[in-house]
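Structure first, commentary second.
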Amino acid sequence: MECSEALDLLYESFDAQITPAQQALLNGHRRTCFACAGTLAKAQRFQDLIHRVPQLSVPRGLEARILERVLHKSPERLARQATVLRPQFSWRDALRPAYALGGVMAAGLAVFFIAHNILSANFHRPSDETITASIQGALQATAANNQSRDVAETDTPISTGEVLRPEGAQAAIVAITPHLALTLQSGSEVQVSRLHYDQASGAADAIFLKLRRGTLRINEILHRDVSPVHVATAQATFVPTGTTFSLTASQDATDLTVTAGSVAVHMPGRTFSVVAGHGAFITQDAVIRQTLAGNKHAKAHIK
Amino acid sequence: MFPIFLGVTIPGAVRSYHLEPVSNNLDVELMTKVANGDGEAFAELVKRYTRMLYNVAYRYNASAAEDLVQETFLRAYQHAKTFSGRSKVSSWLYRVCVNVCLTYQSRSGNPTADIDDVNEAELLVRDDERPDVMAQRGETFRALEDGLRALPSQQRMVFILRELQGLSYGEIADVLGMNEQAARTNLCRAKRRLQVWLDPLLV
């Protein structure tokens with residue numbers, strides 16, 4: 001029996017897919033072939049590892065977003081509608097005038113609150129497209145309609161489409177949660193391309209950023225299975241997993257440095273991971289990977 | 001209630017997976033209602049199967065997992081009338097999800113590299129990492145996921161469905177439209193490649 005056949009038989013034995021005769025052949029090979037003993041032992045460890053792979057939990061709010069997308073209805077609205085569709089009797093008809101009156105009063109209250117909130121300068125209500133961040137340092141935020149505002153040392157809402165630029169020569173820190181902080185170095189420019197804020201849990205579900213230029217450092221403490229942060233540059237998209245890393249981007253190249261955890265790099269034609277203590281210099285044509293403790297082991301991997 | 005054991009239990013061969021609801025009659029009833037446009041039934045279907053499909057989509061493409069699951073349910077809703085009841089609802093949803101994933105892969109113009117192409121570069125990075133340190137940081141599973149995403153699509157999907165979702169070869173053959181032997185062959189190839197990929201961590 002060839003060693004490669006033995007390995008296939010071993011894999012199939014994990015599934016109880018081999019006959020007693022095949023099992024006997026495999027056992028005989030394991031006893032006599034020292035060449036593949038290590039490989040077969042590793043196959044067993046590999047199988048043990050597979051069995052320990054955890055099942056992922058669903059990101060917060062995903063079910064609601066599915067219903068929203070497919071039915072164009074929120075779960076609450078769906079539940080209300082389900083109630084309405086059930087057979088109703090005289091109570092409903094009897095109370096209809098009261099419903100109408102209640103509706104008018106609710107509308108009046110809504111108008112009052114909206115007007116009040118517009119007039120209140122400091123009011124901010126988080127929405128699906130807005131996240132409240134704590135700013136350390138000073139930055140300029142430019143909205144999609146080109147309206148700019150200066151923000152310094154305060155809590156402020158940040159919305160989808162806004163472009164953030166640190167002001168002056170100092171870096172600005174944008175702390176989105178106690179677990180997630182972005183440091184924008186002087187001269188950098190980051191566009192917030194997508195935000196989603198789960199109002200029920202108070203957590204950020206999705207934070208998609210585009211690093212247009214300069215250096216962005218991200219510090220994320222893993223607090224769930226799936227990172228909400230995705231950072232895109234002209235060359236690749238970076239998805240951290242409980243980590244600290246920095247990116248320096250220009251139009252031609254992105255320089256990635258990972259100091260904790262790991263970062264998955266998705267680029268046309270390949271996906272790879274860079275772990276702590278390593279970095280990668282990425283251009284359209286090549287990926288140069290290096291260790292942070294000097295470049296002795298640096299090696300180019302040309303696409 | 002005492003458990004009833006049927007046949008011989010082979011250690012390591014029987015695993016429990018908790019992602020797939022077992023009450024298939026209820027599922028079929030739900031699908032019938034969904035086919036008639038019942039939003040409440042659809043919401044129940046989403047509640048029952050989001051986690052199962054999210055696990056498949058995430059292992060297939062982490063960065064697009066949420067979109068893939070949303071697209072799967074959208075198609076399931078639009079094509080619920082085509083569910084004939086001959087297969088389990090879970091198998092039907094798996095099939096929709098697999099089609100969504102494969103279509104996304106081909107349309108995005110972002111096919112993952114063959115694992116052999118990047119193996120050298122990856123091992124270069126991992127050479128300096130002590131396996132026990134990586135394991136302490138919980139990165140063993142991440143390394144597995146990285147390797148998984150670098151597999152050819154068919155191998156990756158067979159591995160996900162068999163090893164991570166616990167489907168039988170018959171179900172995999174049904175979901176992927178291949179015969180059972182092809183599913184076995186794909187699984188063996190996937191495992192060989194992944195084992196090479198993870199070699200530094202299997203010491």
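Readers should treat all values here as calculations from the given coordinates under stated rules, not as data from a laboratory. Source: prediction; values computed, not measured. Because the Cβ atoms are built from the backbone with ideal geometry, glycine has one as well, and the counts that use them run over all protein chains shown.
Working from label points 7 Å from Cα in the Cα-to-Cβ sense, the B:SER87 to A:ALA286 distance is 4.7 nm.
Panel order for B:TRP92, B:TRP197, by other beta carbons found within 10 Å of each beta carbon, from fewest to most: B:TRP92, B:TRP197. Remark: mean inter-chain Cβ contacts per residue of B:181-191 equal 3, using a 10 Å Cβ-Cβ cutoff to other protein chain atoms. If R0 is 51 Å, the Cβ-Cβ spacing of A:ASP255 and A:MET105 corresponds to a FRET efficiency of close to 0.30. The distance between label points at A:MET1 and A:ALA41 comes to 1.9 nm (points 7 Å beyond Cα on the Cα→Cβ vector). On the basis of the beta-carbon distance and an R0 of 35 Å, A:ALA21 and B:ASN99 show a calculated FRET efficiency of 0.35. Each of B:LEU176, B:LEU148, B:LEU53 has some number of other Cβ atoms within 10 Å of its Cβ, and from fewest to most they run B:LEU176, B:LEU148, B:LEU53. One chain, two ends: A:ASN146 and A:GLU167. Fully extended at 0.36 nm per residue, the span grows by 5.9 nm beyond their Cα-Cα distance. A simple packing score, the average count of other Cβ atoms within 10 Å per residue, orders the peptides A:135-147, B:60-72 as B:60-72, A:135-147, with the highest score first. Sorting A:PHE46, A:PHE281, A:PHE34 from the fewest to the most surrounding beta carbons within 10 angstrom yields A:PHE34, A:PHE281, A:PHE46.
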